[in-house]
Amino acid sequence: LAGQALLRAHAFDAEHELVGMLQRQLLPRRLPRLPGAEAVARYLPTTAGLEVGGDWYDVIPLSDNHVALVIGDVQGHSAAAATLMGQMRTALRAYAVEGHPPDVVVHHANRLLMDMETDLFATCCYVDVDLEEGSAWCVRAGHLPPVLRHPDGSTEIAEAEGGPPLGVMREADFPMSPLSLQPGTVIALTTDGLVESPDADIDAGMDRFAHELALADPAHLGLVADALLVGARRTDDIALLLMRYEGMAVRPLRDSWTVWRVPQAVGHARRFTRRTLRSWGVPPQDMDAVLLVVSELVTNALVHTDGRVRLDLTLVNHRLRVAVADASPRTPVKPTSISWEATGGRGVLLVEAVSAAWGTVPVSGGKQVWSEIALGG
């Protein structure tokens, strides 16, 4: 009997370690550094039993100094819930990086979960923050709303309209709600394990959570997260995600141009670029390389794709980014060799020659080809 008890104890410890490793692997190992903001997260597994939970969080850097804050909870505590949690986190990240707006990201994740034909559902709160403008859009799918701590110390539970949990209705509507951020504002996202208890309803728990957030010092965000978890009942998993918005010290200059498919399209794009660079104070000697890149990228998009073409210019820290978006998912291919009588195929080589870096990224419904050019060199 003593030997069997010892074997069961060893098996219990091994299973406990396996569960802990699975939870750690499914969550981010570290959060990214953000321009004009700081984010911290905490995760506490339940102490009841060994079954792994489905709570998750994520911080997803996006283009144009946007960042997506995501927190969610899959129904139940099982290996199936943990697996589904990993799938949903990966899906939301993939849809967000593609450039979809917040409501479309959540809508795609809902359709994906419906197609998995699982009996489980998931709640989610997705917040897209514009770090340049200090604005955000929030989408809720059956999850708790964000709590905002303003610079004056006051807190509010965001009035963000929500939709149903993911995996419940295929054609569900997930409306977007605006959030306004001032430098020093803290956004707090959590799961119900922190605010729900058998002796108090969830509204009272949210009020308590907002009150404790108001009492914390936002200058030390890690200490704030630790203080919010003090005394938490460990009957359910707890995920907590905090971000303090500080505002960007250097805001990029941006401008865009829709390229119409007319015979003078490339010339119009060049004139727009020259006019924009002059207004930004770019010296004339730096314009030739930029105009060459604009000509080649716009020409390639017009010749090899159909649909809308958009030119975006971004200037920050003497580095200009030229990006041309089109409706084709095909990535431009750099030729390995070009014969002397060839009449085309040199555009990509020219862009590579004058750029400090260049590449292509998929965006919603197509791709974006970009080039970065160092000015003043």
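All of the numbers you see were taken from the coordinates with simple rules; none came from a lab. Because the structure is predicted, anything quoted here is derived from the model rather than measured. All Cβ positions, even for glycine, are placed from backbone atoms using ideal geometry, and neighbour counts span all protein chains on display.
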How do 101-108, 244-251, 198-205 rank on mean C-beta neighbours within 10 Å, highest first? 101-108, 244-251, 198-205
Computed over the chain: longest principal axis from alpha-carbon atoms vs helix 102-115 long axis, angle to nearest 10 degrees, is 60 degrees
Once the convex hull of the C-alpha atoms of segment 253-374 is built, how many Å³ does it hold per residue, rounded to a whole number? 111 Å³
Difference of contour (0.36 nm per residue) and Cα-Cα distance, Arg271 to Arg208: 16.9 nm
Mind checking Rg over Rh on segment 142-262, alpha carbons, Kirkwood formula for Rh? 1.09
Summarise the long-distance tail of P(r) for the chain by giving the % of C-alpha pairs beyond 33 Å. 43 percent
Under 14 Å from the 7 Å Cα→Cβ point of Asp130, by amide nitrogen: which residues of segment 86-124? 101-102
The chain: relative contact order in percent, alpha carbon pairs under 8 Å with at least 6 residues between: 14 percent
In the neighbourhood of Leu166 defined by beta carbon distances under 15 Å, the net charge of the other residues (Lys, Arg +1; Asp, Glu -1) is -4
Given the convex hull over the Cα atoms of segment 208-299, what projected area results after averaging over all orientations, in nm²? 11.5 nm²
Testing the spin-label approximation: label points 7 Å from Cα along Cα→Cβ at Trp260 and Asp173. State their distance in nm. 3.6 nm
Tilt relative to the chain, helix 202-215 - C-alpha long axis, 0 to 90 degrees, to 10: 70 degrees
State to the nearest 20 debye the size of the charge dipole of the chain about its Cα centre, where the only charges are +1 on K and R beta carbons and -1 on D and E beta carbons. 1900 debye
Could you rank the peptides 264-274, 135-145 by their average count of other C-beta atoms within 10 Å per residue, with the highest value first? 135-145, 264-274
Could you give P(r) for segment 222-274, binned at 10 Å from zero, as whole percent values over all Cα-Cα pairs? 16, 23, 13, 13, 14, 14, 6
Choice from Leu44, Leu148, Leu240 with maximal GNM fluctuation in the chain (Cα, 10 Å cutoff): Leu44
Net charge of Cβ neighbours under 14 Å - reference Asp226; Lys, Arg +1; Asp, Glu -1: -1
